[in-house]
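Scroll down for the structure; my scribbles are underneath it.
The values are calculated or read from the model by the stated rules, or taken from the named source; none is laboratory data. Remember, it's a predicted structure, so these values are computed and weren't measured experimentally. Counting neighbours? That spans all protein chains shown, and the Cβs are built from the backbone with ideal geometry, glycine included.
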Amino acid sequence: MLRDDDPPARQVEKLQRINQVLIERIDRLEESRGSAWSMFQAAVALEQEVLTRTRQLEKAMADLSQRNRELAVARSSAEEANRSKTRFLRAASHDLLQPLSAARLFLAALTDTPMDAQQQELTERLSGAFESVEQLMHAVLDISRLDSQRIEFHRQPVPLGDLFRRLATEFAPLAEAKGLRLSFVPTDAVVESDPVFLRRIAQNLVSNAIKYTNRGGVVVGVRRRDTTGWLSVYDTGLGIPAVDRNRVFDEFQRLGNGSDAPGMGLGLSIVRRACVKLGHPLRLESEAMRGTLFRVGLPLIDAGDAPGKARQEVATATLRGRMALVIENDRAMRRGYEMILTDRLGMMARVTGDIAEAIRALQASTPDIIIADYHLGNGETGIAAIKALRAAAGQQLPAVMVTAHRDPEIARACTEMGVLLMEKPVRPTELGEVLGRILD
């Protein structure tokens, strides 16, 4: 503070100090104002940036929602197309396999008649052609079923000994024609799986092994490891190079060393799809020039839980003189059944076209077994036919259902009725084996 009695020099010094303090305060105020203004400007800029980014995000979300709607529509269309394909194949399978099945029966009857060398050669070539068509049809239908999201499996005890005997009967002629040894190691192992698809897996593995083996042979057996039975198919073929071991499971893939082998390259694709669906681990081991080993892991179960013990193939003599009542609306199939049942198996056959005709035949004499086609026409089914015949006979007559419709509902109904289910096309040797096993 200035005092009147201070000398002028003292007053000037005090005024200078006061002035310096005021200048410093003003500078601080200016700095404070500048900082606040900068913050204000930054806040405004940030708000604009937030608004811009928000609008961009909203636009991106709208675009994403539109893409999701488009993807949902495309997925729905694809699923509907797949369902339509499955429905078409299921509906068409009967019409496609019916004449093939009839032709097989006629061809089998033809082979039982005397023929010269040229006729035998033509018959063998026809048989091979039918085999190729049948394999392709089954492959297409199997892939369609395995791609379906609604597929149902019927897991049950499967005696591998029975499966091996059926495969030996089926593939022995093919192996013999190539000069190969085909061996099935006897086993009493019982596993849990879907019997239809397990047989298809084994068929494809054995068929593939024979196709790609030119010398030596094929051995089929099962190895037990704790609670797992490894179904093993080993061949002495050229082997599969390491670079091709994943590719062989894709559709239409065939290795160069077997390019002259028949087939479309679908067998191993079906094996992998079926194993994935059933939860069966699949293993491949191969060594160049020393062969290939495919293994499928199957859960072992107590043989005492199986519906029946494994049986040897029943001789044809067991069926001689037994009567079979056939219900089949297709005329060619009726004639084919009649020829196989009477001429090859030595049975008596009564062939009918519908339920009413079958009941009239039943009233004349009670058959030992019923063979019914599922699709009889005019709204009738083999299920209804078997029920009507059992009711008319007053007893649970043994029965076999033959169908081209791979429908889980049909399989479920047959299981509930205690009826054995066979798929078309019908193989005469398999038909004889099935009938013999039932009537033994």
In the range 410-433, the residues that are surrounded by fewer than 16 Cβ atoms within 10 Å (Cβ to Cβ) and part of a loop (DSSP other than H, G, I, E, B): Gly418
Would you check if there is a residue in the range 402-409 being closer than 16 Å to Asp330 by Cα, crowded, with 18+ Cβ neighbours inside 10 Å, small (Gly, Ala, Ser) and in contact (Cβ under 8 Å) with a residue 40 or more places away in the chain? yes
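Can you tell me which residue is nearest to Ala175 (Cα to Cα) among those in the range 225-240 that are part of a strand (DSSP E or B) and small (Gly, Ala, Ser)?
Just the residues of the range 225-240 that are part of a strand (DSSP E or B), to begin with: 225, 228-235.
Subsequent filtering for residues that are small (Gly, Ala, Ser) retains 229, 232.
On the way: Gly229: 25, Ser232: 17 Å.
Across the range 225-240, the extreme among qualifying residues is Ser232.
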Among the residues of the range 386-409, write down those that are at pLDDT 85 or above and in a helix (DSSP H, G or I). Ile386, Lys387, Ala388, Leu389, Arg390, Ala391, Ala392, Ala393
With the condition kept exactly as written, say whether any residue in the range 347-368 is closer than 24 Å to Ala103 by Cβ and in contact with a Pro (Cβ under 8 Å, 6 or more places away or on another chain). yes
Show the residue pairs meeting these rules: Cβ distance below 6 Å; 6+ apart or different chains; first residue within the range 269-282 and within 12 Å of Leu198 (Cα to Cα); second residue at pLDDT below 85 and of a type in the set (Asp, Glu). Ile270/Asp142
If you take the residues in the range 216-226 that are at pLDDT 90 or above and either farther than 14 Å from His280 by Cβ or among the hydroxyl-bearing types (Ser, Thr, Tyr) (or both), which one is surrounded by the fewest Cβ atoms within 10 Å (Cβ to Cβ)? Arg224
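When the range 360-369 is examined, which residues are found to be surrounded by 13 or more Cβ atoms within 10 Å (Cβ to Cβ) and more than 38 Å from the chain's Cα centre (by Cα)?
Going residue by residue through the range 360-369, those that are surrounded by 13 or more Cβ atoms within 10 Å (Cβ to Cβ) are 361-362, 366-369.
Listed by number, the residues that qualify are Ala361, Leu362, Thr366.
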Determine if the range 73-94 includes at least one residue that is among the β-branched types (Val, Ile, Thr), loosely packed, with under 10 Cβ neighbours inside 10 Å and either part of a loop (DSSP other than H, G, I, E, B) or modelled with pLDDT of 75 or more (or both). no
When the residues of the range 181-200 are narrowed to those that are crowded, with 19+ Cβ neighbours inside 10 Å and among the hydrophobic types (A, V, I, L, M, F, W, C), which ends up nearest to His405 (Cα to Cα)? Phe197
Reported set for the range 138-185 where residues are assigned to a helix (DSSP H, G or I), among the β-branched types (Val, Ile, Thr) and modelled with pLDDT under 75 is Val140, Ile143
